[in-house]
Amino acid sequence: MERIRVLIVDDEPPARAKLRRLLAAERGTEVVGEAASGPEGVAAIHKLGPDLVFLDVQMPGLDGFDVLGSLDGGALPCIVFVTAFDEYAVRAFEVHAVDYLLKPFTPERFADALARVRERLRLREGEELDGRLRRVLAEVRPRSAPLERLLVPVGETQIVVEVSRIDWMEAERNYVRLHVGAASYLVRATLSVLEERLDPARFVRIHRSRILNAARVREIHPWSHGDRLVVLQDGTELLLSRRYRDRWSRLSP
């Protein structure tokens, strides 16, 4: 079997050092990189294409869930979560047979997780593991917390955009274009998926292809056939479809 190429993603230097030390004692593994934040982790996964990622779930900025959600729905590397999550979340990992290390973990527990990774890679269970991983993400991710940040590509780099700064967004084929002041960014996502994760008290869908930040609205005028014309603070004019007027009404006092 070829060497397992490993990436470590954790915002705490001591945690990265511990994993690096344990991996150094294991034959057949190679640490190809480290990342100290979510954005760095996404970039490293894209650049290095590791076989295995030790991924901290709880990181500032983009957490472990955001990192995986930024991988464009493609094939995922083998993931071992490094987490301090509560017993409920750990049970979800176990039910879906996704590997995890619960902080603080022992060298013996680390060896067990790595042994399972070796076996999965040997049996090439990639597609099945992808499905299990996505199911556990859907179950464990806090659903009550609105999306606060988005990782967006800008040339060959990626930046973090605070969701509160977005004025409006529109569907553009298999992408969504975010309008943030004078700038705009294209992210690979669907409007419906973003709508589910946005704060409903702030963002409202006004058209099948548009969502706007209600705090950016300056005026609303009658239009034709029951539609409305929405004018944003910067003068942008958007159509509020009559089919979505009830959603806007729920925001009104």
Checklist outcome for this item: Interchain or sequence-distant (5+) residues whose placed amide H lies within less than 5 Å of the amide H of LEU198 are LEU147
Item to check | Whole-Hz ³J(HN,Hα) from phi, Karplus 6.51 cos²θ - 1.76 cosθ + 1.60, for region 23-35, glycine and proline x | outcome: 5, 5, 8, 9, 6, x, 10, 9, 7, 8, x, 9, 9
Checklist entry - For VAL231 and ASN174, FRET efficiency with R0 = 22 Å and r from the beta-carbon atoms, rounded to 0.05? => result 0.15
Item to check | Rounded to the nearest 10 Å², the accessible area of HIS225 at probe 1.4 Å | outcome: 150
Checklist entry - Extension gain ALA25-ASP112, at 0.36 nm per residue separation less the Cα-Cα distance, in nm? => result 29.9 nm
Item to check | FRET E, pair ARG245, VAL160, Förster distance 30 Å, beta-carbon r, rounded to 0.05 | outcome: 0.35
Checklist entry - Counting only the heavy atoms of the protein chains, how much of ASP99 is accessible to a 1.4 Å probe, in Å² to the nearest 10? => result 10
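The values are calculated or read from the model by the stated rules, or taken from the named source; none is laboratory data. Source: prediction; values computed, not measured. Ideal geometry is used to build each Cβ from the backbone, glycine not excepted, and the neighbour counts take in all protein chains shown. Heavy atoms of the whole protein, side chains included, go into the accessibility calculation; ligands, DNA and RNA do not. Shrake-Rupley method; radii C 1.70, N 1.55, O 1.52, S 1.80 Å.
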